[in-house]
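The values are calculated or read from the model by the stated rules, or taken from the named source; none is laboratory data. Model, not experiment: these values are computed from the prediction. Heads up, the Cβs are rebuilt from the backbone with ideal geometry, glycines too, and the neighbour counts pull from every protein chain shown. Side chains included, ligands, DNA and RNA excluded: accessible areas come from the protein's heavy atoms. Shrake-Rupley method; radii C 1.70, N 1.55, O 1.52, S 1.80 Å.
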Amino acid sequence: MMSKLALLWRALMASLVLAMLWLAAPAMADELRLGYVDTERVYREATAAVKAQQRLKAEFAPREAELADMARHARELKQTLDAGKLSDAERRTRERELQALDRDFQAKQLEFRQEFGQRRTEEFAAIQQRANQVIRDLARSERFDLILQDVVYVSPRFDITERVLKALDD
């Protein structure tokens, strides 16, 4: 979902925050409460995310099947052309048909990818918004000082992803 540069930036910032907290830790002793949420896991495992994926699959399955049929037809046309058993006139007709089919396929495939990406973004934006609210609520109720997402490494003792998933599913 995010670009590599954005992920790298977030990881760098998170590392910087953790380094500053580590340096300040002796002064704060047991006062600091940290948590970490694996957002990719939330997107894979949360009931709302699974249902969103199922909705997207059902919504786009007919168009995906249409594209698969077009690709199959194009392969069959190509095999017919490669067999070399056509007259010149028939060969030209089949070549034009294959070119038209290829243009139509490319256009429909591009439209499919754009619409699928847009719908996926819409579906997962709502999940992200809900997950962020759950994380904020959890942070307040359990008095966390800092909850991080998308870091390069975190000790499992800080991972609260399971609690976030449970709260999302409730």
| message | With the structure loaded, tell me whether R41 is in a helix (DSSP H, G or I), open to solvent by less than 60 Å² (accessible area, probe 1.4 Å), basic (K, R) and touching a residue at least 40 places away in the same chain (Cβ under 8 Å) or whether it fails that test. | response | yes
| message | Suppose the filter is free of Cβ contacts under 8 Å to residues at least 40 places away in the same chain, small (G, A, S) and over 17 Å from R44 (Cα atoms); does A83 pass it? | response | yes
| remark: Within region 111-146, the residues that are within 17 Å of the chain's Cα centre (by Cα) and among the aromatic types (F, W, Y) are F112, F116, F124
| request: Exactly one condition in (1) open to solvent by 80 Å² or more (accessible area, probe 1.4 Å); (2) modelled with pLDDT of 95 or more is not met by A61; state its number. | output: (1)
| Within region 1-21, restricting attention to residues that are under 23 Å from F124 (Cα atoms) and open to solvent by 100 Å² or more (accessible area, probe 1.4 Å), which residue is modelled with the lowest pLDDT? | M1
| From the set of residues in region 32-45 that are among the acidic types (D, E) and over 14 Å from S155 (Cβ atoms), which is modelled with the highest pLDDT? | E45
| task | May I ask you to list the residues in region 120-157 that are part of a helix (DSSP H, G or I), open to solvent by 60 Å² or more (accessible area, probe 1.4 Å) and of a type outside the set (G, A, S)? | result | R120, T121, E122, Q128, Q129, R130, Q133, R136, D137, R140, P156, R157
| message | Considering only residues that are within 30 Å of A58 (Cβ to Cβ), open to solvent by 60 Å² or more (accessible area, probe 1.4 Å) and touching a helix residue (DSSP H, G or I) at 6+ places or on another chain (Cβ under 8 Å), which ones fall in region 94-106? | response | D102, D104
| note | For Q109, the lone unmet condition from (1) modelled with pLDDT under 95; (2) open to solvent by less than 50 Å² (accessible area, probe 1.4 Å); (3) of a type outside the set (G, A, S) is (1)
| field | Which listed residue is modelled with pLDDT under 95, exposed (fewer than 13 other Cβ atoms within 10 Å of the Cβ) and within 22 Å of Q149 (Cβ to Cβ), from A24, A29, A48 | value | A24
| Applying the selection to region 77-93, what residues are surrounded by 11 or more Cβ atoms within 10 Å (Cβ to Cβ) and part of a helix (DSSP H, G or I)? | L77, K78, T80, L81, E90, R91, R92, T93
| Residue check: is V134 of a type in the set (A, V, I, L, M) and touching a strand residue (DSSP E or B) at 6+ places or on another chain (Cβ under 6 Å)? | no
